[in-house]
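Please read the structure below before turning to the comments.
The values are calculated or read from the model by the stated rules, or taken from the named source; none is laboratory data. Remember, predicted model here, so these are calculated numbers, not experimental data. Quick reminder, even Gly has a Cβ in these numbers, built from the backbone with ideal geometry, and neighbours come from all protein chains shown. Areas reflect the complete protein model, heavy atoms only, side chains present, ligands, DNA and RNA absent. Shrake-Rupley method; radii C 1.70, N 1.55, O 1.52, S 1.80 Å.
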Amino acid sequence: MAWGHVEGIRTRLVDALTETLLRLLPEVGPVLLFALAVLETCFITGLVIPAGVALLLASALVAAGTLSLVPVLLYALGGALVGDSVGFWVGRFSGRALDASRRRIGGLSAGQRRRVDRILSSHPLVSVSFARAVAFVRTLMPMAAGASRLSYPRFLVYDLIGVGAWAALYVGIGWIAGESWHRAGNVLGLVVGTLFVLGTWRLWARRRAAARPGLLSVALTGNVAAGKSTVADVWRAQGVPMVSADELARRASAPGSEGLAAIREAFGPEALSADGSLDREWMRARVFGNDAERARLEAILHPRIRALRDAWMDAQRRARARLVVAEVPLLFETGMEDDFDRVVLVDATDEVRRARLLEGRGLDPEVADKLMASQMDPELKRARSDYVIENDGDLTQLRSRAREVLGQLRGEAG
């Protein structure tokens, strides 16, 4: 008798709680969905509790008649747009700190973050609208967009498309699941279980791949007479695999190469010396101070230089190298900074570099000034570099700083 009495009380409590939840759900449910949609992209909550799951459940309840479709849609869309906008401005205001960081953020290195910036700026429809509909990716997308050069009005337009696609996708799946659950519940459960297992296996495989040591690619650059060749010599003596952009350019335009044939076709036979090789002095005089001619030469050589460098890096990767360095004098001028994980700039003041050109290389002052003026402002390069090696002192100081930065790079490479 006593046990039956307790069981009756428990049943009444459960029924009362269920009735209360069903009565409150139409009012509280959409508000909770709004909060989850805001938090998913406003903070990193979406990595733990994706709002898409809540929207799937709400849509299934709509199909069951427990919730109304209009409030669910309005609160989900509103929360998504508010969260995305807040995330965008968090990224915009913290973008400078992210760019200045040398550590991985969200699994992305500084070089990879520059690539993300480039993709968001050049392909916003795909990178914003499509990413908004992909689970977990949308959690970090607004902050990445804010840290990029993408303007807020353009972001909002593409985000509206993405939010609409996200809502349509999850509401559609939830509705179908709710309508067909009594007929295909077992099949749907099997499908969901299989997808869960496959997703877990894929996550485990990716984590294992990420745990394996990779290849850290570094670009060493600097304006003329800054001292990058000395730093390269120090690193080479320390056993670091290195390749020079000048060396690759010579290979790309070697006698008998497609590059040299393309240069001859573009500039005429006078671009070649008597022995059939590229007349570098003639070419240097031809492109110096002439942006159109230099761009024409770069259009021929740069794709070939990239291909040669990628092949060299692949060979180093197969040899299980952890760290490789490419010496690229005109890294920023040619837009190659996004090809590397880290950028190291060797820099000195204009006065020091000019004195080196005049005294060390014997250049005429007018030629030295034109040469320095033809390169990008060092301050702009410093802002876009991960490491800066100052070279206003003597060789001992430069070599010490070069070894110090190399130690930090090797630490990052594992």
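General remarks:
- Selected residue [under 26 Å from ASN290 (Cα atoms) and either open to solvent by 50 Å² or more (accessible area, probe 1.4 Å) or at pLDDT below 90 (or both)] from ALA383, ALA319, ALA368: ALA368
- Unique residue being in a helix (DSSP H, G or I) and either on the phi > 0 side of the Ramachandran plot or under 30 Å from the mean Cα position of the chain (by Cα) (or both) when the list is MET313, MET283: MET313
- Odd one out for ALA292 among (1) part of a helix (DSSP H, G or I); (2) open to solvent by less than 20 Å² (accessible area, probe 1.4 Å); (3) out of contact with any helix residue (DSSP H, G or I) (no Cβ under 6 Å at 6 or more places or on another chain): (2)
- In the stretch 333-365, residue surrounded by the fewest Cβ atoms within 10 Å (Cβ to Cβ) [restricted to those that are aliphatic (A, V, I, L, M) and either in a helix (DSSP H, G or I) or without any contact (Cβ under 8 Å) to a residue 24 or more places away in the chain (or both)]: ALA355
- Residue check, LYS381 in a helix (DSSP H, G or I) and in contact with a Phe, Trp or Tyr (Cβ under 6 Å, 6 or more places away or on another chain): yes
- Of all residues in the stretch 384-410, those being in a helix (DSSP H, G or I) and within 20 Å of VAL343 (Cβ to Cβ) number 11.
- Scanning the stretch 258-285 for residues that are open to solvent by 80 Å² or more (accessible area, probe 1.4 Å) and either under 25 Å from SER374 (Cβ atoms) or without any contact (Cβ under 8 Å) to a residue 40 or more places away in the chain (or both) turns up ARG264, GLU265, GLU270, ALA274, ASP275, GLU281, ARG284.
- Scanning the stretch 233-253 for residues that are part of a loop (DSSP other than H, G, I, E, B), open to solvent by less than 30 Å² (accessible area, probe 1.4 Å) and of a type in the set (Gly, Ala, Ser) returns a single hit, SER253.
- Failed criterion for THR230 (all others in (1) modelled with pLDDT of 90 or more; (2) surrounded by fewer than 18 Cβ atoms within 10 Å (Cβ to Cβ); (3) under 26 Å from the mean Cα position of the chain (by Cα) hold): (3)
- Every condition in (1) at pLDDT 80 or above; (2) farther than 30 Å from VAL405 by Cα; (3) out of contact with any Gly (no Cβ under 9 Å at 6 or more places or on another chain) holds for GLY174 except the one numbered (1).
- Flag: ALA292 matches the condition of being farther than 25 Å from SER385 by Cα and of a type in the set (A, V, I, L, M).
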